[in-house]
Amino acid sequence: MARRVLGILVGGGPAPGINGVIEAATIEAINNRFAVVGIYDGFQWLSHPNFDPDKHTTALTIPRVSRIHFGGGSILRTARTTLLDERRLGTSIVVEPDTPRVEQVLANVRAAGITHLITIGGDDTALSARFVDEAAGSSLRVVHVPKTIDNDLPLPGDVQTFGFATARHIGATIVANLMEDAKTTSRWYLVVTMGRKAGFLALGIGKAAGATITLIPEEFPQKTTIAQIADVLEGAIIKRQGYGRPDGVAVVAEGLAYRLGDREELERLLKREVPLDAAGHPRLSEVPLGQLLKDELTRRFRSRGDHSTFVAHTLGYELRCAPPTPFEMDYCRDLGFGAVRILMGAEGEYPPGVMITYQQGNLKPMDFAHMIDPQTRRTRIRLVDLCSDHYRVARAYMVRLEKSDLESNETTTKLAALARMTPEEFRQKFRSAAYDLDDGTEGRCGIGSRLMGA
């Protein structure tokens, strides 16, 4: 039998559980007579002419990896280098392979003697893996393991991406502490969480911790303003005051920054350049969404003599390299094992660009093409379904202005007095920020189109 060498690399941002996938894949591969090498820094060096197997790879053995699943981070590190070539076609960004770099990857893979490859990462890493697989033909077999704490990859059956559960657990613990601090000090915390396009992490953290209110991108139109977001928060804060509580915690998904417009609009708001990451996305860590909301809310409340205290807090990087929960360790062991099993399948058994997924208790390969937008070739993004009971339950336990509040003369009069407004002024200001989950013929499935008059 020809020598089989498995290469493993990690791309994109860190997520709890990466080491568990590396460990499980390494052990299963060695038990099936593979040699295993870890590739440092994702595609960064593998796509570079100066790739040196002695410097940029490391031998993985069972003794070396047998307990790494307890730890966060990645023993192979990670990088956001991709093999994507993006170009604009009308209003869309079309993704094609960066052919020179794909060819460089294949040359370096051959130089390292790698015959099989496992990639661990999010949508950009998965597309890069697919491009390599397509270009390699039968000379290299590739399987991708989907990873992101954002939980925004459209896996079948609403299965979570690994990393999400641990990030939610750590985030909910921190928010619970902030809720107690807010109550003790009579202040409001504006907690911005990760979630570039989808609100799963913010909603999961806010729902688990019982935060006062959670705002996610799916609730707002594609182009919104800080003022419109602040309207929803201001209404919730006033309603909370009506319950005799001057404190609270609002959890806000960072992806709301994308709803403020494109990169040019963000730069106009901030009066400075917004840098891009290696994958070409605006660095949301450079957009102080929490500070923008804090400044707007502080201005509004002080203008009417209310000196409520607002504190912006970003909850982000501390979630990505946390030690995984037992659920995550269990899940990642399945994924690492399954990835190797797919690689060992008969030639032609699986199509190019296969991912390993966990469906109804079983490991199943999935053609990544099923997750790709055929026009842009980018991965489709899974969004929070505002019609789902998952969202409905989360929304039911928040403090937010609702349409019924504005229809009640007694409630409106009480809230308007707190806001130093007349009842009619209060209704007019918050009319588009207030809605019910079930308000007659529109029903809760109309939330996304009704909020803010989208």
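Can you find a residue in the stretch 266-278 that is crowded, with 24+ Cβ neighbours inside 10 Å, touching a strand residue (DSSP E or B) at 6+ places or on another chain (Cβ under 9 Å) and in contact (Cβ under 8 Å) with a residue 60 or more places away in the chain?
no
Quick check on the stretch 112-134: of everything there that is among the hydrophobic types (A, V, I, L, M, F, W, C) and at pLDDT 95 or above, which residue is nearest to Gly195 (Cα to Cα)?
First, pick out the residues of the stretch 112-134 that are among the hydrophobic types (A, V, I, L, M, F, W, C): 112, 114, 117-118, 120, 126-127, 129, 131-132.
Now drop any that are not at pLDDT 95 or above, which leaves 112, 114, 117-118, 120, 132.
Details: Ala112: 36, Ile114: 35, Leu117: 28, Ile118: 25, Ile120: 19, Val132: 28 Å.
Here the residue is Ile120.
Out of all the residues in the stretch 122-147, which are buried (at least 24 other Cβ atoms within 10 Å of the Cβ) and at positive phi?
Of everything in the stretch 122-147, nothing turns out to be buried (at least 24 other Cβ atoms within 10 Å of the Cβ) and at positive phi.
Give me the pairs: first residue in the stretch 160-184 and of a type in the set (Lys, Arg), second residue at pLDDT below 95, beta-carbon distance under 7 Å, and six or more apart or on different chains, which are they?
none
Select from the stretch 186-207 the residues that are surrounded by fewer than 24 Cβ atoms within 10 Å (Cβ to Cβ) and either modelled with pLDDT under 95 or assigned to a loop (DSSP other than H, G, I, E, B) (or both) and list them in ascending order.
Scanning the stretch 186-207 gives Ser186, Arg187, Arg196, Lys197, Ala198.
Filter the stretch 295-323 down to the residues that are among the hydroxyl-bearing types (Ser, Thr, Tyr) and in contact (Cβ under 8 Å) with a residue 40 or more places away in the chain and list them by number.
Initially, the stretch 295-323 is screened for residues among the hydroxyl-bearing types (Ser, Thr, Tyr), giving 298, 303, 308-309, 314, 317.
Within the stretch 295-323, Ser308, Thr309, Thr314 qualify.
Return the residue satisfying two criteria in turn: it lies in the stretch 34-90 and is among the aliphatic types (A, V, I, L, M) and in a loop (DSSP other than H, G, I, E, B), and of such residues it is modelled with the lowest pLDDT. Before you say what the answer is, go through the steps one by one.
Just the residues of the stretch 34-90 that are among the aliphatic types (A, V, I, L, M), to begin with: 35-37, 39, 46, 59-60, 62, 65, 68, 75-76, 79, 83-84, 89.
Filter once more, so that each one left must be in a loop (DSSP other than H, G, I, E, B): 75-76, 83.
Details: Ile75: 98, Leu76: 98, Leu83: 95.
My answer is Leu83.
I'm trying to understand the selection: among the residues of the stretch 403-429, which are within 18 Å of Arg302 (Cα to Cα) and of a type in the set (A, V, I, L, M, F, W, C)?
Correct list: Leu415, Ala416, Ala417, Leu418, Ala419, Met421, Phe426.
Inside the stretch 223-256, can you point out the residues that are over 21 Å from Arg431 (Cβ atoms) and either surrounded by fewer than 24 Cβ atoms within 10 Å (Cβ to Cβ) or more than 20 Å from the chain's Cα centre (by Cα) (or both)?
Tyr243, Gly244, Arg245, Pro246, Asp247, Gly248, Val249
Give the stretch 202-235 a look and list any residue that's of a type in the set (Val, Ile, Thr) and more than 11 Å from Ala253 (Cα to Cα), or say none.
Selection gives Thr212, Ile213, Thr224, Thr225, Ile226, Ile229, Val232.
Quick one: which residue in Arg392, Arg400, Arg377, Arg427 is basic (Lys, Arg), touching a residue at least 40 places away in the same chain (Cβ under 8 Å) and out of contact with any strand residue (DSSP E or B) (no Cβ under 9 Å at 6 or more places or on another chain)?
Numbers: Arg400 fails: out of contact with any strand residue (DSSP E or B) (no Cβ under 9 Å at 6 or more places or on another chain); Arg377 fails: out of contact with any strand residue (DSSP E or B) (no Cβ under 9 Å at 6 or more places or on another chain); Arg427 fails: touching a residue at least 40 places away in the same chain (Cβ under 8 Å).
None of the other options fit; the residue is Arg392.
If the requirement is being in contact with a Lys or Arg (Cβ under 6 Å, 6 or more places away or on another chain), under 29 Å from Val21 (Cβ atoms) and modelled with pLDDT of 80 or more, which of these qualifies: Ile356, Ile381?
Ile381
The values are calculated or read from the model by the stated rules, or taken from the named source; none is laboratory data. Please read these numbers as outputs of a predicted model, since none were measured by experiment. All Cβ positions, glycine included, derive from the backbone under ideal geometry; neighbour counts span all protein chains shown.
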